[in-house]
Each structure stands twice: as structure tokens, then as C-alpha cells.
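The values are calculated or read from the model by the stated rules, or taken from the named source; none is laboratory data. Please read all numbers here as calculations on a predicted model, not as lab measurements. For neighbour counting, all protein chains shown are included, and Cβ atoms are generated from backbone atoms with ideal geometry for every residue, glycine included. Ligands, DNA and RNA are stripped out before the accessible areas are found, and what is left, the full protein with its side chains, is counted by its heavy atoms. Shrake-Rupley method; radii C 1.70, N 1.55, O 1.52, S 1.80 Å.
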Amino acid sequence: EGTGVDVYTHGEMLPANCYPAFKKYGHFVGNYGGSWWHQNREFESFNGPLILTTNCLIPIRKDNTYQDRLFTTGVVNYPAVKHIADRPEGGSKDFSPVIDLAKTCPPPEEIETGKIVGGFAHNQVLALADKVIEAVKSGAIKRFVVMAGCDGRQKARSYFTEVAENLPKDTVIL
């Protein structure tokens with residue numbers, strides 16, 4: 001905060017953009033890209049530094065343009081990639097190398113436009129309960145489906161996408 005550096009999430013971190021605790025940070029500006037398996041393409045067009053905090057790092061292509069902008073932290077590691085050390089006792093992790101690099105990078109290339117509606121935690125659902133109940137009573141909503149998981153990078157692993165696309169239009173996916 002206060003460095004002039006914008007922060008984005010990627011992939012499965014999209015829901016973090018709806019967390020009330022993060023709304024207070026004006027520099028937390030959005031999500032860039034989609035599924036973890038699009039990393040090679042999307043990390044190239046992002047242009048800024050990238051921090052991986054979980055093991056969803058796919059093998060880096062030899063012709064990549066982003067390995068020098070890639071950082072890992074926590075349990076994630078990758079050969080020839082800079083690692084942000086764990087926080088010292090009573091201290092904080094030192095992200096200054098990431099911030100310094102970000103100040104020298106061009107902004108991300110725009111890869112998509114539009115909005116994604118999110119943030120339907122229990123408080124939001126309760127706030128809309130009267131509208132949801134009315135939609136159920138009127139027949140506009142006939143079923144709710146709980147869906148959790150992710151499709152793989154291979155086309156044959158598109159189970160959740162196929163289920164979602166084939167659900168009737170009067171279905172709400174939770």
C-alpha cells in the first residue's frame with residue numbers, strides 16, 4: 001500500500017476480490033487471467049512481477065519472457081526463480097524486490113473486458129433472500145446446484161464446464 005503498485009490475483013484467487021477485508025485496499029485492483037493452466041500465456045502478457053504462493057506452477061516454457069519476473073514464497077519453489085523467504089520471527093516477509101521490479105514494468109496487456117459477479121457469501125445471500133424466494137415462487141429459479149472443483153488443462157477434463165453449460169437456464173450454481 002502506498003507504493004503506486006497495483007495488485008492482481010490470478011486463477012483460483014478470483015474470489016479474494018470479493019472478500020470484505022480486501023475491499024479497503026485501493027491498490028488491490030482485480031483479477032488477471034483465468035485457469036492455472038493458462039499461466040504460460042497469461043504470465044507473459046501480464047508484464048509485471050508474479051508471486052506464486054501455492055503449487056499451481058506449471059512447467060515454464062524454455063522460450064518464456066517472464067521467468068525473471070517470477071517469485072515464489074512459502075512451500076512453492078522452482079529452479080532459477082527468486083524466492084521470498086518466510087517471515088522472520090515477529091516480522092513480515094520482505095516483498096521489496098517484487099515492489100521495486102513492479103515500478104519498472106509496463107502495465108498488463110488487456111486480455112479481457114467485462115465484469116464477473118461474485119461475493120455471494122451467506123450475508124449477501126441473506127440480503128437477497130426476498131428476491132431469491134420470489135424467483136423460486138415465480139418459477140424463474142427451479143433448482144440450486146452446488147458445484148466445486150476445477151477442470152484440467154486437457155480438453156477431456158472439462159467435466160464441470162460441461163455440467164454448468166448443460167444445466168437448465170432456471171438453475172442457480174452455488
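List of remarks:
- Charge dipole (Cα centre; +1 on Lys/Arg Cβ, -1 on Asp/Glu Cβ; no other charges) of region 42-90 amounts to roughly 80 debye.
- Label-point gap, in nm, between C18 and I173 - each point 7 angstrom along Cα→Cβ: 1.3
- Proximal aspartates and glutamates relative to K131, as straight alpha-carbon distance under 17 Å, when same-chain residues fewer than 8 apart are discounted: D170
- DSSP-loop trypsin sites (Lys or Arg not before Pro) across region 1-100, with at most 16 other Cβ within 10 angstrom: K24, R61, K62, K93
- Each Lys and Arg adds +1 at its Cβ and each Asp and Glu adds -1 at its Cβ; summed about the Cα centre, the chain shows a dipole of about 400 debye.
- Label zone at N40, where the point sits 7 Å out along the Cα-to-Cβ direction: region 47-74 residues whose backbone N lies under 15 Å: 57-67
- Taking all protein chains together and rolling a 1.4 Å probe, D6 ends up with roughly 90 Å² accessible.
- Shown is the FRET efficiency for Y25 and K62, computed with R0 = 35 Å from the Cβ-Cβ distance and rounded to the nearest 0.05: 0.45.
- Over 29 Å apart at the Cα level, from the set K24/K142; K23/K142; K24/K137; K23/K155; K93/K155; K115/K169, are K24/K142; K23/K142; K24/K137; K23/K155; K93/K155.
- Computed on protein heavy atoms with a 1.4 Å probe, the accessible areas place I116, I141 in the order I116, I141, largest first.
- With a Förster radius of 30 Å applied to the beta-carbon distance between N47 and A156, the computed FRET efficiency rounds to 0.40.
- Modelled spin labels at H83 and E134, positioned 7 Å past Cα toward Cβ, are 5.7 nm from each other.
- On the basis of the beta-carbon distance and an R0 of 22 Å, L126 and V163 show a calculated FRET efficiency of 0.25.
- Solvent accessible area, Å² - Y8, 1.4 Å probe, full protein context: 80
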